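This report refers to the structure that appears directly beneath it.
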Amino acid sequence: MNIGFALCGSFCTFDRVLPLIKDLTDAGHDITPILSFQAAALDTRFGTAASWIEKLAYLTGHPPMRTLTEVEPIGPQGLFDLLVVAPCTGTTLGKLACGISDTPVALAVKSHLRRSRPVILGISTNDALGASMRNIAVLKNSKHIYFIPMRQDDPVNKPNSLVADFSKLPGTVDAAMAGNQVQPLFTTNA
């Protein structure tokens, strides 16, 4: 399959997501990375933007798409069979739920959905059980949107935080391609 794989600015999860991209590539899928404006530009304690861009290009054989003009043709040209957004931040959830497409990731999703093809979201946000819950609910009830099962990552210190169980991405891909949401959607911290 041709898979678009978008990363938003939840930098603390990048080290968990990159091995999944490698696994998908090793399984024979053609992966094209897409970066949010923040993921493409910000240096953080988790790494520099340049290092993430370099790693993604090395893993996939494609330079990451980083601009609105690069992602706009995704839908019109039918570039991907499936689009993954992982990590998907609360900001991106809000934009997707409200139909705002002013970032490379949000526009990639909008463009991809014009062909009624599946989009998988891998949540990583500290306000998922707070302000972002309404956006999760809206997207859960939207056609062609699927979620990687998620869990509370630190219920005591961050009681509103949810993060995708990224190890469940392969099963989520299979389910989404069949038009199904993998279950259970919420998992335990085990």
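Bear in mind these aren't lab numbers, they're just calculated from the coordinates by the rules spelled out. Keep in mind the model is a prediction, meaning the values are calculated, not measured. With ideal geometry, Cβ positions are generated from the backbone for all residues, glycine too; neighbour counts draw on all protein chains shown.
Scan (1) closer than 22 Å to Leu162 by Cβ; (2) acidic (Asp, Glu); (3) touching a helix residue (DSSP H, G or I) at 6+ places or on another chain (Cβ under 9 Å) for the single condition Asp15 breaks and write down its number. Unmet for Asp15, out of (1) closer than 22 Å to Leu162 by Cβ; (2) acidic (Asp, Glu); (3) touching a helix residue (DSSP H, G or I) at 6+ places or on another chain (Cβ under 9 Å): (3).
Let's see how each residue does on (1) closer than 19 Å to Arg115 by Cα; (2) without any contact (Cβ under 8 Å) to a residue 12 or more places away in the chain:
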site	(1), (2)
Phe14	no, no
Pro19	no, yes
Gly47	no, no
Leu56	no, no
Leu59	no, no
Leu68	yes, no
Gly75	yes, no
Thr91	no, no
Gly99	yes, yes
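The residue that is farthest from Leu18 (Cα to Cα), among those in the range 146-170 that are part of a helix (DSSP H, G or I) and either among the basic types (Lys, Arg) or touching a Ser or Thr at 6+ places or on another chain (Cβ under 9 Å) (or both), is Lys168.
Residues of the range 87-145 that are touching a helix residue (DSSP H, G or I) at 6+ places or on another chain (Cβ under 6 Å), in a helix (DSSP H, G or I) and under 22 Å from Asn157 (Cβ atoms): Leu93 alone. Checked against the criterion of being of a type in the set (Ser, Thr, Tyr) and over 15 Å from the mean Cα position of the chain (by Cα), the candidates Thr92, Thr44, Thr13 yield just one match: Thr44. Screening Thr89, Thr60, Thr67, Thr32 for residues that are surrounded by 22 or more Cβ atoms within 10 Å (Cβ to Cβ), hydroxyl-bearing (Ser, Thr, Tyr) and farther than 20 Å from Ser124 by Cα leaves exactly one candidate, Thr32. Counting the residues of the range 52-82 that are among the polar types (S, T, N, Q) and part of a loop (DSSP other than H, G, I, E, B) gives 2. Of the residues making up the range 70-86, those that are within 13 Å of Ile120 (Cα to Cα) and surrounded by 24 or more Cβ atoms within 10 Å (Cβ to Cβ) are Phe80, Leu83, Val84, Val85, Ala86. When the residues of the range 154-174 are filtered to those that are among the charged types (D, E, K, R) and within 23 Å of Val119 (Cα to Cα), the one that is surrounded by the most Cβ atoms within 10 Å (Cβ to Cβ) is Asp165.
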